[in-house]
Amino acid sequence: MEFRQVIYFIAIAEAEHFGKASKRLRIAQPALSRQVKLLEAEIGTPLFERLPRGVRLNDAGRVFLTHARRLRAEMQQSLEAARAAATGTSGHLRLGFIEVAGWHGLVPNGIRRFRDQFPGVRLSLSAMPTGAQLNALRQGEIDAALVYNPPEDEDLVSTELESHSVMLAVPHDSPLAGRDSVRLADLSRLNFVGFQRRVSPTYHDDLTAAFHGAHFAPNFVAEMTNETDMLALVSTGAGVALVNSCQRWRQPPSVRFLDVTDLPVRLRLSFVHLRTNAPPTVAHLASALRAQ
């Protein structure tokens, strides 16, 4: 059975006349009659009563018409859904993001804008570190990523959206807590809480290069996998930590943030996706984020 035969059948049933249906469909009447005979042969029963002037559905034809109209509607919905998916107005978009970037500003505003513009797209969000996002992207587990300081990779397309400064987190009872800013030389005798390189390799290397250039060697007493854990240790007095300035949007009550005036490292927030096979929804999200 071919779908066009179903369409022909519906036209004849509604016109109750082969000639009128032939004109509506713009197909020769003999060809139309032949297709209906093939359809009836496939079903195994006639669908029409032949009248002197036209045709009329029999019981089997009336039942088949109900289902045929439903099939036509479902096919139309399928076509519309396929077109929407091809243009990125529907479908499923899996986005990874850095948790701290989602609390304020560009990321939450851009995502809200995207949801408003493309309500037919189901957006799944997964918070994970930069390294984990890039691995998930390459494995096809997510479609796009919002990461800091992505590496140069010919397989990836990276668009920088904004950059954030690095701040020093100190315990509230630290002698430095009353200051607005410090220099690296002021920190030479302090214990540091850092992060594991695999979490964000490029950012880790940028910090290491900056320390080396300033002839500064921090004493790391712990290396964590996220800034939440780093700040938890700072609040206990275990040490100080260099963290994303976006942490100020949910500053722990027992931690103070200071500027480091001679630390030029920036956290470059970038939208990243694979160069090939990116779904159309990725471009729409990129546009919504850039609009912020």
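Please work out how much length the chain gains when fully extended from His172 to Ala86, using 0.36 nm per residue of separation minus the C-alpha to C-alpha distance, in nm with one decimal. Walk me through the intermediate numbers first.
Details: separation 86, 0.36 × 86 = 30.96 nm, distance 5.36 nm.
Gain on extension, His172 to Ala86, equals 25.6 nm.
Within the range 252-292, which residues have the backbone N less than 17 Å from the label spot 7 Å out from Glu154 along Cα→beta-carbon, could you tell me?
Taking a point 7 Å out along Cα→Cβ of Glu154, the residues of the range 252-292 whose backbone N falls under 17 Å are 274-277.
How large is Rg/Rh for the range 145-215, to two decimals, with Cα atoms and a Kirkwood Rh?
Values: Rg = 15.4 Å, Rh = 14.9 Å.
Looking at the range 145-215, the ratio lands at 1.03.
Can you give me the distance in nm between label points at Ala283 and Glu42, each placed 7 Å from the Cα along the Cα-to-Cβ direction?
About 3.7 nm, to one decimal.
Sorted by mean Cβ packing within 10 Å, highest first, what order do the peptides 19-30, 44-55 take?
Numbers: 19-30: 14.1, 44-55: 12.5.
Answer by packing, highest mean first, reads 19-30, 44-55.
With a cut-off of 17 Å, note down the residues of the range 245-264 whose backbone N falls inside the zone around a label point 7 Å from the Cα of Ser181 toward its beta carbon.
Zone members listed by number: 245, 257-264.
Per-residue counts of other Cβ atoms within 10 Å, averaged by peptide: what ranking do you get for 240-252, 62-74, highest first?
Numbers: 240-252: 18.5, 62-74: 13.5.
Result, highest mean Cβ count within 10 Å first: 240-252, 62-74.
Please check: in the Gaussian network model of the chain (C-alpha springs, under 10 Å), which one of Ser165, Ser33, Ser254 has the largest mean-square fluctuation.
Sorting by GNM fluctuation, first place goes to Ser33.
Consider just the alpha-carbon atoms of the range 3-87 and return their Rg together with their Dmax, both in angstrom.
Rg then Dmax for the range 3-87, in Å: 14.1, 50.
Given a cut-off of under 8 Å on Cα pairs at least six residues apart, what relative contact order in percent is computed for the chain?
23
Over the range 1-111, what relative contact order in percent results from Cα pairs under 8 Å that are six or more residues apart? Spell out each step's value before the answer.
Working: 75 pairs, mean separation 23.2, N = 111.
This gives 21 percent for the range 1-111.
Round to a whole angstrom and tell me the spacing of the C-alpha centers of the range 237-253 and the range 159-175.
7
Roughly what % antiparallel, to the nearest 5, for the DSSP beta bridges in the range 15-155? Numbers along the way, then the final one.
Values: 4 of 14 bridges.
Within the range 15-155, antiparallel bridges account for around 30 percent of the total.
Just to confirm the number: angle between the C-alpha axis of helix 106-117 and the first principal axis of the chain, 0 to 90 degrees, nearest 10?
That works out to roughly 10 degrees.
Treating the angle as unsigned and between 0 and 90°, give the value, to the nearest 10°, between the Cα long axis of helix 3-15 and the longest Cα principal axis of the chain.
50
Could you give the length gained on full extension between Ala73 and Phe211, defined as 0.36 nm per residue of separation minus the Cα-Cα distance, in nm? Don't jump to the answer; show the numbers that get you there.
Working: separation 138, 0.36 × 138 = 49.68 nm, distance 6.57 nm.
That works out to 43.1 nm of additional length.
Give, in nm to one decimal, the length gained when the segment between Gln117 and Thr261 is fully stretched (0.36 nm per residue of separation minus the Cα-Cα distance).
Numbers: separation 144, 0.36 × 144 = 51.84 nm, distance 4.10 nm.
Difference between extended and current length: 47.7 nm.
Estimate the FRET efficiency between Arg275 and Arg189 by the formula 1/(1 + (r/R0)^6), using the beta-carbon distance for r and 41 Å for R0, to the nearest 0.05.
Values: r = 47 Å, r/R0 = 1.15.
Computed FRET efficiency for Arg275 and Arg189: 0.30.
Give me the net charge for the shell around Ala15: Cβ to Cβ below 14 angstrom, other residues only, Lys and Arg +1, Asp and Glu -1.
Values: positive: Lys20, Lys23, Arg24, Arg26, Arg53, Arg56; negative: Glu14, Glu16.
Counting the neighbours of Ala15, the net charge comes to +4.
Ranking request for peptides 266-274, 110-118: highest mean number of other beta-carbon atoms within 10 Å first, then the rest in descending order. Each step should come with its number before you reach the end.
Details: 266-274: 21.2, 110-118: 16.3.
Highest-to-lowest ranking by the protection proxy: 266-274, 110-118.
Please determine, in degrees from 0 to 90 and to the nearest 10, the orientation of helix 280-290 with respect to the longest principal axis defined by the Cα atoms of the chain, where the helix direction is its Cα long axis.
Helix 280-290 sits roughly 40 degrees off the main axis of the chain.
Only bridges with both residues in the range 164-267 count here: give the DSSP antiparallel percent, nearest 5. Provide the component values of the computation, followed by the final result.
Details: 11 of 19 bridges.
Approximately 60 percent, going by the DSSP bridge assignments.
Candidates (i) 52; (ii) 59; (iii) 66; which is the computed percent of Cα pairs over 23 Å apart?
Comparing each candidate, only (iii) matches the computed number.
Readers should treat all values here as calculations from the given coordinates under stated rules, not as data from a laboratory. Keep in mind that this is a model prediction, so the values were computed, not measured. Please note: Cβ atoms are built from the backbone with ideal geometry, for glycine as well, and neighbour counts cover all protein chains shown.
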